[in-house]
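So the structure is just underneath, and the comments pick up after that.
The values are calculated or read from the model by the stated rules, or taken from the named source; none is laboratory data. Please read all numbers here as calculations on a predicted model, not as lab measurements. Cβ placement follows ideal geometry from the backbone for every residue including glycine, while neighbour counts extend to all protein chains displayed. Areas reflect the complete protein model, heavy atoms only, side chains present, ligands, DNA and RNA absent. Shrake-Rupley method; radii C 1.70, N 1.55, O 1.52, S 1.80 Å.
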Amino acid sequence: MDYIVEVQHLYKTFRTKDAQVEALRDINLQVEKGDIYGIIGMSGAGKSTLVRCLNYLEVPTKGSVLVEGQPLSELSGPQLRKLRSQISMIFQSFNLLMQKSVIDNVCFPLRIQNMKPDQARAKARQLLSVVGLSDKENAFPSQLSGGQMQRVAIARALASDPKILLCDEATSALDPQTTQQILELLKKINEETGITIIIITHQMSVVRDICNHVAIIEDGVLVENGLVEDIFNHPKSRAGRYLVVEGKDPDEWEKARLDRERRRGEKDLLHEDRRIRIAFSSNSSFEPVIGNMVLHFGTPVNILRADTRDVKGVARGQMILGLPEDRQLQEEMIAWLIGRGLAVEEVDDDVDY
Amino acid sequence: MWTIEVWQMIGRGIFESLYMTLVSTLFGYVLGLPWGVVLAVTDEGGIKPNRPVYRVLDFITNIMRSIPFLILLILIIPLTRMIVGKSYGSTATIVPLVVSAAPFIARMVESSLKEVDKGVIEAAQSMGADTFQIILHVLLVEARVSLVTGATICLGTILGYSAMAGTVGGGGLGSIAIQYGYYRYQADIMVVTVVLLVLLQQIFQLAGMTIASGIDRRRS
């Protein structure tokens with residue numbers, strides 16, 4: 001498998017006057033061509049640094065970044081700048097030129113490459129129509145809404161026909177509805193042009209909605225990565241469990257951890273049921289599985305949490321069950337559920353519901 | 001008293017003041033603009049940090065800015081003679097005015113360029129823009145309102161300096177004010193020249209601010 005982006009044993013250390021901060025430690029990941037790859041983590045977890053290492057806006061302290069097999073560390077200044085025109089970037093704060101009109105902003109990367117002005121404008125017009133802003137070409141960024149500004153930024157990012165689009169918290173400054181529209185636009189562009197998109201976010205919903213793969217970053221370390229679907233069904237890391245099982249965005253992890261510590265003492269006094277999490281896939285969500293199970297075993301189970309979501313057009317869901325005390329019955333129930341094609345796993349103390 | 005000759009002299013004074021101020025500002029920017037760009041670009045956190053270059057330029061700028069204008073005027077008389085051929089009159093005054101204004105302008109330019117949003121610069125870098133393209137298409141464009149405001153301040157300051165140069169034979173309105181008001185006790189002529197200087201200052205300020213808000217695209 002050829003990867004368009006490969007990160008190998010990447011470390012980034014920032015030195016301040018009297019301390020050094022390890023922003024990233026031993027990051028390894030591979031992104032396939034045409035993929036939408038999410039990188040999720042808490043603010044300050046190092047994901048913005050990571051994405052800047054992918055176009056060498058930040059130079060890693062150790063390790064390598066390969067784009068289409070080419071190690072970036074081996075490129076000269078001009079070669080690196082040439083490559084950067086193939087790796088576009090959009091930002092949380094849009095970063096448009098406030099003194100230039102919308103169309104001049106979109107023309108900007110083309111002007112840098114010395115494209116003729118009328119040729120650049122023709123291309124910019126076409127891109128503005130792709131992002132649905134044809135009527136705004138002579139407006140200035142300050143006259144636009146956040147969503148419109150991000151659309152201009154997307155048009156600008158696409159102007160140089162890049163192979164890769166890096167999105168650094170591109171929807172974090174937008175309201176949920178606008179976020180949806182921008183994500184749909186990104187997805188559409190990915191489908192139509194085959195561009196590889198790498199998305200940095202702290203919102204699980206962004207990953208769920210458009211990413212195929214995801215990497216979870218916690219305190220500068222990549223704790224888990226893989227297909228979004230697999231991580232959804234079987235989160236392995238604690239951070240993954242927080243994200244998937246609890247639906248908690250990274251910014252809530254710390255609070256969740258503290259809450260749990262506080263409650264740990266009380267919990268021991270209570271009788272603990274054995275708890276399992278089951279994840280529904282597309283075919284199983286139509287069958288009343290739990291109902292059938294209860295009828296089959298003649299013993300009730302306690303539904304502690306249940307929710308289903310629309311994930312990329314397919315109904316997906318999860319449920320957390322408290323099983324009866326009988327150890328053998330528990331095993332039978334689990335076997336029965338697995339037999340129904342469901343992903344079943346134990347929920348340990350580390351996760352709230 | 002208010003003869004035609006006096007009015008002609010005042011008219012010539014206005015012309016000389018404008019001439020000295022505008023030409024000095026122009027040449028001041030010819031030197032000060034690139035100077036300020038280099039300061040902004042090479043400083044830590046600039047787009048091309050270069051500690052030795054910044055340190056040296058920063059030091060020279062500070063030295064030049066700390067020499068009082070009147071001292072500088074006398075100090076560089078040999079230079080003025082070399083360039084203009086004489087050391088008195090309004091054309092000769094332009095030399096010390098430029099030498100004094102350039103480092104001041106460089107600082108104004110430096111601070112304007114440092115105000116430019118780092119994110120926008122980063123965006124340009126991510127597109128593969130080189131240092132020169134970022135200076136030309138991002139820094140100078142995004143900072144243009146602040147640059148014009150700075151130029152307005154420089155123009156006013158240089159007008160003030162040009163009047164000061166009048167005390168040592170520099171010509172212009174300042175020269176008239178000193179000659180008539182101070183040496184001949186003709187306070188009325190002095191008052192008129194001062195009023196005219198105030199008016200010039202007001203016009204510069206108004207024009208500068210009008211241009212600045214006229215070219216600002218950040219307001220809808």
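Brief remarks follow.
- For A:LYS82, the solvent-accessible surface with a 1.4 Å probe is about 150 Å², rounded to the nearest 10.
- Normalised alpha carbon radius of gyration of segment B:4-215 [divisor 2.2 N^0.38 Å]: 1.17
- Of the two radii for segment B:36-145, the radius of gyration is 1.11 times the Kirkwood radius, both from the alpha carbons; that is the Rg over Rh value.
- If R0 is taken as 22 Å, the Cβ-Cβ distance between B:LEU75 and B:TYR182 corresponds to a FRET efficiency of 0.40.
- Listed residues A:ARG275, B:ARG218, A:ARG305 arranged by accessible area, highest first, probe 1.4 Å: B:ARG218, A:ARG305, A:ARG275
- With N counted as the residues of segment A:65-157, its alpha-carbon radius of gyration over 2.2 N^0.38 Å works out to 1.18.
- Residue list for segment A:330-347, given a label point 7 angstrom along the Cα-to-Cβ vector of A:HIS296 and an amide N cut-off under 14 Å: A:330-344
- Probe 1.4 Å - accessible area at B:TYR88, Å² to nearest ten: 140 Å²
- Here segment A:21-44 is scanned for amide nitrogen atoms under 11 Å from the site 7 Å beyond the Cα of A:VAL223 along Cα-to-Cβ, giving A:41-42.
- Compared with the rule-of-thumb size 2.2 N^0.38 Å for a compact globular protein, chain A has a Cα radius of gyration ratio of 1.15.
- Charge dipole (debye, nearest 20) of chain A; +1 at Cβ of Lys and Arg, -1 at Cβ of Asp and Glu: 1600 debye
- With all protein chains modelled, accessible area of A:MET115 [1.4 Å, Å²]: 60 Å²
- Value of D in µm² per second that Stokes-Einstein yields for segment A:1-126, Kirkwood Rh from Cα pairs, at 10 °C (1.306 mPa s): 95 µm²/s
- Occluded residues from segment A:50-99, i.e. those whose accessible area drops by 10 Å² or more once the chain is not alone (1.4 Å probe): A:ARG52, A:LEU57, A:ARG81, A:ARG84, A:SER85, A:MET89, A:PHE91, A:ASN95, A:LEU96, A:LEU97, A:MET98, A:GLN99
- Straightening the chain between B:VAL84 and B:THR210 buys 41.9 nm, computed as 0.36 nm per residue apart minus the Cα-Cα spacing.
- Between 0 and 90°, nearest 10: helix A:117-130 axis offset from chain A longest Cα axis: 20 degrees
- Normalised Debye scattering of segment B:29-95 at q = 0.17, 0.24, 0.27 Å⁻¹ gives log10 I(q)/I(0) of -0.73, -0.98, -1.09, counting only Cα atoms as equal scatterers and leaving out solvent.
- Membrane-span-like helices in chain B (whole DSSP H runs, Cα extent of at least 27 Å along the helix axis, mean Kyte-Doolittle hydropathy of at least 0.0): B:4-42, B:90-114, B:144-165, B:187-215.
- Whole-number D in µm² s⁻¹ for segment A:134-240, Kirkwood Cα-pair radius fed into Stokes-Einstein, 20 °C, 1.002 mPa s: 141 µm²/s
- Axis angle, to the nearest 10 degrees, between helix A:102-112 and the longest C-alpha principal axis of chain A: 70 degrees.
- Computed FRET value (nearest 0.05) for A:SER237 with B:ASP130, which takes r as the C-beta separation and R₀ as 35 Å: 0.25
- Ranking B:GLY119, B:MET82, B:LEU33 by how far each Cα lies toward the positive end of the dipole of segment B:22-147 (charges on Cβ) leaves B:MET82 at the top.
- On Cα atoms only, tilt of A:176-193 relative to the major axis of chain A in degrees: 70 degrees
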